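Here the structure comes first, spelled out in structure tokens, and everything after it is commentary.
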Amino acid sequence: MCSVCGCGHGEVKIDGKEPRNHSHDHSHDHSHDHEGESEIGVYSHAPGLAQKRMVQIEQDILAKNNSYAAQNSNLFSKQGILALNLVSSPGSGKTSLLARTIRELGKKPVISVIEGDQQTANDAQRIRETGAKAVQVNTGKGCHLDAHMIGHALEELAPHDGGIVFIENVGNLVCPAGFDLGEAHKVVILSVTEGEDKPIKYPDMFHASDLMLLNKIDLLPHLEFEVERCIDYALRVNPAIKILKVSATSGEGMEQWYEWVRTAHKMVLSGHPTADIYSKTGGKE
Amino acid sequence: MHEMSICEGIVQVLEEQACAQNYKSVGKVWLEIGPLAGVELESLRFCFEAVAKGTLAEDAKLEIVETKGLAWCMKCSNTVEVARRFDACPTCGSFQLQVTGGDEMRIKELEVN
Ligand SMILES: Nc1nc2c(ncn2[C@@H]2O[C@H](COP(=O)(O)OP(=O)(O)O)[C@@H](O)[C@H]2O)c(=O)[nH]1
Ligand SMILES: [Mg+2]
Ligand SMILES: [Zn+2]
Ligand SMILES: [Zn+2]
Ligand SMILES: [Zn+2]
């Protein structure tokens with residue numbers, strides 16, 4: 001375990017191993033100063049100092065996560081990488097969608113994946129079968145990925161300049177909403193085998209996402225899922241959310257998703273040295 | 001589950017601040033939490049006790065100050081109060097609301113020893 005920032009505590013594993021013993025080239029803000037610590041030691045042995053007093057701190061509870069997220073975001077921006085954080089309930093089709101996306105989006109830009117799961121490494125394996133690089137983060141009991149885990153996963157992944165990093169979050173529509181990973185966008189996946197009212201049952205997640213993929217639309221003829229109602233709910237919690245209907249199995253609608261990804265990537269790349277990545281495949285801009 | 005990691009975040013801040021602010025235990029923690037922060041307060045109190053055990057915040061009490069959910073209505077241009085993200089504008093009924101406050105989750109103040 002890392003004695004500096006306390007990582008590796010708990011059950012977090014990256015590709016089955018504890019996070020590396022701090023090479024920390026993603027340079028955490030190790031604000032931990034050890035002089036301060038010894039002072040505490042001194043005071044705690046000094047009797048008579050136990051005076052009740054008030055301390056104003058005004059600190060965001062997620063501030064620590066947010067500062068790691070800012071570091072990840074810096075790294076992405078420096079390397080011209082588009083990072084997308086995919087969130088959904090378990091089984092909505094994140095891994096299937098990613099596998100198809102990697103196969104169909106082509107070799108350029110280079111895609112790599114961080115897979116989050118509580119216990120298994122199955123999803124990273126499914127991604128590797130497509131030929132893409134993947135790192136598995138196991139969160140143990142943890143029900144979401146946080147920005148610190150992603151920082152370590154990135155050390156392992158070493159993503160390509162001008163590439164795309166997909167992060168498959170732990171299947172959970174609650175807490176991943178609050179934990180920024182440094183991504184450009186959250187993409188929420190909802191499948192038509194779930195309830196139409198998920199957007200209002202989990203409003204924070206739909207509010208935090210920029211794109212909603214309504215997946216498994218190949219199954220619509222067999223179900224009583226009211227697409228319009230679902231879209232209406234999503235727009236209620238987030239009037240700015242974009243919505244695409246797709247099927248990771250049949251491939252329907254996937255081209256619009258790829259177009260959305262390319263557009264988002266171009267936004268990241270504009271002005272970046274690797275910006276010509278689309279000039280051969282995507283025609284002139 | 002979610003509340004568990006929030007409590008870990010709180011205790012982490014309390015431990016870090018102990019260095020800077022020279023205290024060795026925390027008696028009370030004032031939190032400001034908005035109705036749109038997605039936090040279950042009962043569960044937060046429960047988790048805090050579990051997470052704080054064995055730390056300098058072991059005996060700390062949580063004082064939760066609930067703030068208001070505020071949104072700006074794009075249709076009628078009023079700032080209105082909302083309890084949930086999918087509420088309609090109480091003035092005009094529109095769902096075109098932009099949340100402007102009420103999703104905060106902040107540590108405000110501590111009573112320390
Ligand atoms: N019919 C249909 N099944 C799908 C689709 N996408 C995924 N699935 C199935 O849904 C199940 C869960 O998919 P998976 O990608 O593992 O979901 P994840 O838990 O979100 O990663 C698998 O059995 C997939 O084959 C789709 O578009 N249509
Ligand atoms: Mg999966
Ligand atoms: Zn670390
Ligand atoms: Zn969680
Ligand atoms: Zn209104």
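The values are calculated or read from the model by the stated rules, or taken from the named source; none is laboratory data. Bear in mind that the values here come from a model prediction, so they are computed numbers and not experimental data. No Cβ is skipped: glycine too gets one built from the backbone with ideal geometry, and neighbour counts run over all protein chains shown. Side chains are part of the model used for accessible areas, which takes the heavy atoms of the whole protein and leaves out ligands, DNA and RNA. Shrake-Rupley method; radii C 1.70, N 1.55, O 1.52, S 1.80 Å.
Miscellaneous remarks
- In the protein assembly as shown, the portion of solvent-accessible area held by carbon and sulfur atoms comes to 49 percent [1.4 Å probe, whole percent, DNA, RNA and ligands not counted].
- Contact order for the stretch B:2-112, expressed relative to its length and based on alpha carbon pairs under 8 Å spaced 6+ residues apart, stands at 35 percent.
- Excluding ligands, DNA and RNA, the accessible surface per residue across the protein assembly as shown is 47 Å² with a 1.4 Å probe.
- The count of lysine pairs in chain B with alpha-carbon distances below 21 Å, taking only pairs 8 or more places apart or on different chains, stands at 9.
- Relative contact order (%) - the stretch A:108-217, alpha-carbon pairs under 8 angstrom, separation at least six: 26 percent
- Column: log10 I(q)/I(0), Debye, Cα scatterers of the protein assembly as shown, q = 0.06, 0.12, 0.13 Å⁻¹: -0.27, -1.02, -1.17
- Cross-link partners of A:Lys245 among lysines (Cα-Cα below 18 Å; sequence separation of 8 or more within a chain): A:Lys94, A:Lys186, A:Lys198, A:Lys216
- The residues of the stretch B:86-113 listed by number as losing at least 20 Å² of accessible area in the complex, against the isolated chain and with a 1.4 Å probe, are B:Phe86, B:Phe95, B:Gln96, B:Met105, B:Arg106, B:Ile107, B:Lys108, B:Glu109, B:Leu110, B:Glu111, B:Val112, B:Asn113.
- Orientation-averaged projected area, Cα convex hull of the stretch A:79-281 (nm²): 10.8 nm²
- Residues of the stretch A:51-72 that bury at least 50 Å² of accessible area when the other protein chains are present, relative to the chain alone (probe 1.4 Å, heavy atoms, ligands and nucleic acids excluded): A:Lys52, A:Arg53, A:Met54, A:Val55, A:Ile57, A:Glu58, A:Gln59, A:Ile61, A:Lys64.
- Normalised contact order of the stretch A:79-281, rounded percent, pairs of Cα under 8 Å and 6 or more residues apart: 26 percent
- Calculated [θ] (222 nm, deg cm²/dmol) that DSSP helices of n ≥ 4 give over the protein assembly as shown, each run adding -39,500 (n - 2.57): -10000 deg cm²/dmol
- Only protein heavy atoms count here, probed at 1.4 Å, and on that basis chains A and B bury about 3500 Å² of accessible area in total.
- Local charge for A:Glu58 was computed over the other residues whose Cβ lies under 12 Å away, with Lys and Arg +1 and Asp and Glu -1, and equals -2.
- Axis of helix B:2-21 versus longest Cα principal axis of chain B: the two differ by about 60°, to the nearest ten degrees.
- Extent along principal axes [Cα atoms of the stretch B:2-112; Å; largest to smallest]: 52, 25, 17
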